[in-house]
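Novice: My questions all concern the structure below.
Every number here is computed from the coordinates shown, using simple stated rules; none is lab data. Keep in mind that this is a model prediction, so the values were computed, not measured. Cβ: placed from backbone, ideal geometry, glycine included. Neighbour counts: every protein chain shown.
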Amino acid sequence: MKKSATFLFFFLALCLTGVSVPEPSRAADPEVTLRYAGDLPIGNWLSLAQEKYAQRVQELSKGRLKLEVYPAGQLFSAKDYPTAVPGGAVEIAQCALAQWSGLVPLITTLDLPLYYDGLPHIWRVLDSDMGEVIKKDFEKTGVKHLFWMQDTSLGFTSKMPLHKLEDWQGKRIRAYSEITSHTIKSLGAAPTFLGGGEVYMALQRGTVDGAITGVNAMYDRKFSEVTKYITEPGISFAVYGVLVNLKKWNELSKDQQEVMLAAGREVQEWGRKEVLEVEATLLKELKNQKMDIFILPKAERERWRAACKPVYDVVAGKTGEPGKKMLEAAEKLR
């Protein structure tokens, strides 16, 4: 009792003399481990980006927040993420956002063929207020959008030339999303839905005549062994996002959340520089592998774009006023 009275007297004396009493130090955040899924092959530059993000999160959190990386579809394929991430079957995934267009219709505006002038153009749109609108739409599905990532430009790889609009008639072309399917139909061919890992065999067997895919995938999946032609790398752009289950996100402390966002900003900036270098290098390598790379002349490009008007109409119908604002922003940011 005497000790308690002495301590109370000492405490009051300190307060009266203006000397501050230090607060007890807050306990460090508990260690947290999250699974981080991806669907691209090991060694692919976007799989390397997963590793880089996991490393920065661990460094910035001083080892108290860890991401276990599962690339190459080890946990789920890309088409599964729109249910697996919101449902908590996996905590984080690096996702091709075109696969989420059913849940976030505004995503379809990023998938338009022959619309954006290049990767820097689409990045200006993503960094605008409209990018924030898309992020909020993701929260309505049960996920938190952490940062943007980017695959190499999309183009067509095929067994025969696709240089003119007439060349598309009667062809069977791999699609991977609703908008790429509409694009292939509008150009005059028949779309066939295939996962990335199925394309090589389908081309080899003649099940399809060509595929829309990224320059990165053309090289990594050795499509030069089963096709000869590449048409218009840059017909559209595959935007990725790193998404985390919203319930899990809300369970993290503010410090942990800031670590994940800060690491994401770093990796996003790195990724944008890296993808431009990767694409230039890979196109050169594909040319060295005797692939014919064809860029549409201006007049033919306009013919293709006119043929794709039904795709633009589909997107306008799906996205309404927000989609209109998105494309108005894109026009201003050219």
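Novice: First measure r as the distance between the Cβ atoms of ASN288 and LYS159, then evaluate 1/(1 + (r/R0)^6) with R0 = 25 Å and state the FRET efficiency to the nearest 0.05. Working shown, then result.
Specialist: On the way: r = 20 Å, r/R0 = 0.78.
After rounding to 0.05, the efficiency reads 0.80.
Novice: Percent antiparallel among DSSP beta bridges with both residues in the range 32-332, to the nearest 5? Let's see the in-between values first.
Specialist: On the way: 22 of 39 bridges.
Within the range 32-332, antiparallel bridges account for around 55 percent of the total.
Novice: A further question follows. What per residue convex hull volume, in Å³, comes out for the range 106-248 when only alpha-carbon positions are used?
Specialist: Details: hull volume 16.0 nm³, N = 143.
Here the figure is 112 Å³ per residue.
Novice: What order do you get for ASP255, ASP167 when you list them from fewest to most C-beta neighbours inside 10 Å?
Specialist: Values: ASP255 14, ASP167 17.
Fewest-to-most ranking of ASP255, ASP167: ASP255, ASP167.
Novice: If I model a spin label at THR281 and GLU59 as a point 7 Å from the Cα along the Cα→Cβ vector, what separation in nanometres do I get?
Specialist: 1.9 nm
Novice: Give me the Å³ per residue figure for the convex hull around the C-alpha atoms of the range 32-332. Walk me through the numbers on the way to the answer.
Specialist: Details: hull volume 35.4 nm³, N = 301.
That works out to 118 Å³ per residue.
Novice: Evaluate the relative contact order of the chain (contact order divided by residue number), counting alpha-carbon pairs under 8 angstrom at least 6 apart; express in whole percent.
Specialist: 23 percent
Novice: With labels modelled as points extended 7 Å from the Cα through the Cβ direction, what inter-label distance (nm, one decimal) is found for GLU266 paired with SER253?
Specialist: According to this spin-label approximation, the distance is 1.9 nm.
Novice: Can you tell me the alpha carbon radius of gyration of the range 249-334 divided by the globular rule-of-thumb value 2.2 N^0.38 Å? List each step's numbers first, then the result.
Specialist: Numbers: Rg = 20.2 Å, N = 86, 2.2 N^0.38 = 12.0 Å.
This ratio for the range 249-334 stands at 1.69.
Novice: Subtract the Cα-Cα distance of GLU51 and ALA316 from 0.36 nm times their separation in residues, and report this length gain in nm to one decimal.
Specialist: This chain segment gains 91.7 nm when fully extended.
Novice: Something else: Debye calculation, C-alpha points only, no solvent: report log10 I(q)/I(0) for the range 287-334 at q = 0.20 Å⁻¹, in the same order as the q values.
Specialist: The Cα Debye sum returns log10 ratios of -0.82.
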